[in-house]
Amino acid sequence: MKPRICAVITSNNEPAIRAVEPWVELFEVRIDLIGDDWLSLVSKLNRPWIACARSTSEGGKWDESEAGKIEVLTRASELGAAMVDLELATANLEQAIPIIKKRSRCLLSVHDLARTPPLNQLKEIVRRQLKSGADVGKVITTAQTMADNLTTLELIREFPKNNIISFAMGPLGVTSRIFCPLVGGYLTYAAIEEGKESAPGQITVAQLRKIYGMVQG
């Protein structure tokens, strides 16, 4: 199965977006990084897209109210987002999920910016995501050792019947980013161009394509 690449849009750079569009399956629209330009941007995308407004506590730039975030993400759903990324820690999550799922699939995410917890703790997070109604569960950690890559990849194998995204951020976590879709993960994320990464350790679409090309022969 072809590894699914999601290119992360962090700015309204239409030529760069167009350049990678043939090589990715979908986009993540980082509303917290793009700003109001996201509204005009999404109408021009020729791939399915995930709407995301990442909180500062989970590595993003969204520092406005939770209610404002839900309002923006609901708007994204109305404008055609194939999927909406909601943090598991979102206030009033139980009310937000049914609203989003009227039009879009729901991705529930957790980001640990400090470490990679033990596998049993990560499994409990995924169980909570699925119980809450996630179509896709996303658990992203931070690699402190090379072994943390294996922990995040093992998490994917623990839920073979579910759509799971799991890898570690940071320089030591690049291996897990690459292998995530190769071991059954739903997708992996990539930067559109160097210098526009949305998270530590993220590599570019071009780099991922080259690696997967070598793996697949």
When (1) among the acidic types (Asp, Glu); (2) more than 14 Å from ASN163 (Cβ to Cβ); (3) crowded, with 17+ Cβ neighbours inside 10 Å are applied to ASP85, the one that fails is (2)
Identify the residue in segment 103-128 that is assigned to a loop (DSSP other than H, G, I, E, B) and hydrophobic (A, V, I, L, M, F, W, C) and, among all such residues, is surrounded by the most Cβ atoms within 10 Å (Cβ to Cβ).
LEU113
Take residues that are among the aliphatic types (A, V, I, L, M) and tell me which of the strands (runs of 3 or more DSSP E) falling wholly in segment 130-217 contain 3 or more.
136-142, 164-169
Of the numbered conditions (1) under 14 Å from the mean Cα position of the chain (by Cα); (2) at pLDDT 95 or above; (3) surrounded by fewer than 20 Cβ atoms within 10 Å (Cβ to Cβ); (4) farther than 18 Å from PRO3 by Cα, LYS131 satisfies every one except a single condition; which is it?
(1)
Test: residue in segment 126-133 that is touching a Leu at 6+ places or on another chain (Cβ under 8 Å) and over 25 Å from LEU93 (Cα atoms)
no
If I filter segment 21-33 for residues that are within 19 Å of the chain's Cα centre (by Cα), more than 29 Å from ALA143 (Cβ to Cβ) and surrounded by 17 or more Cβ atoms within 10 Å (Cβ to Cβ), do I get at least one hit?
no
Looking at the structure I just gave you, is VAL84 within 15 Å of the chain's Cα centre (by Cα), among the β-branched types (Val, Ile, Thr) and at pLDDT 95 or above?
yes
Exception for VAL174 within (1) more than 14 Å from the chain's Cα centre (by Cα); (2) among the hydrophobic types (A, V, I, L, M, F, W, C); (3) at pLDDT 95 or above; (4) closer than 18 Å to VAL24 by Cβ falls at (4)
If ASP37 satisfies every condition in (1) within 20 Å of ALA134 (Cα to Cα); (2) of a type outside the set (A, V, I, L, M, F, W, C); (3) assigned to a helix (DSSP H, G or I) but one, which is the exception?
(1)
Specify the residue that is nearest to LEU208 (Cα to Cα); the eligible residues are those in segment 1-20 that are of a type in the set (A, V, I, L, M) and over 14 Å from the mean Cα position of the chain (by Cα).
VAL20
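The values are calculated or read from the model by the stated rules, or taken from the named source; none is laboratory data. The structure displayed is predicted, hence computed values, not measured ones. Virtual Cβ from ideal backbone geometry, glycine too; neighbours counted across all protein chains shown.
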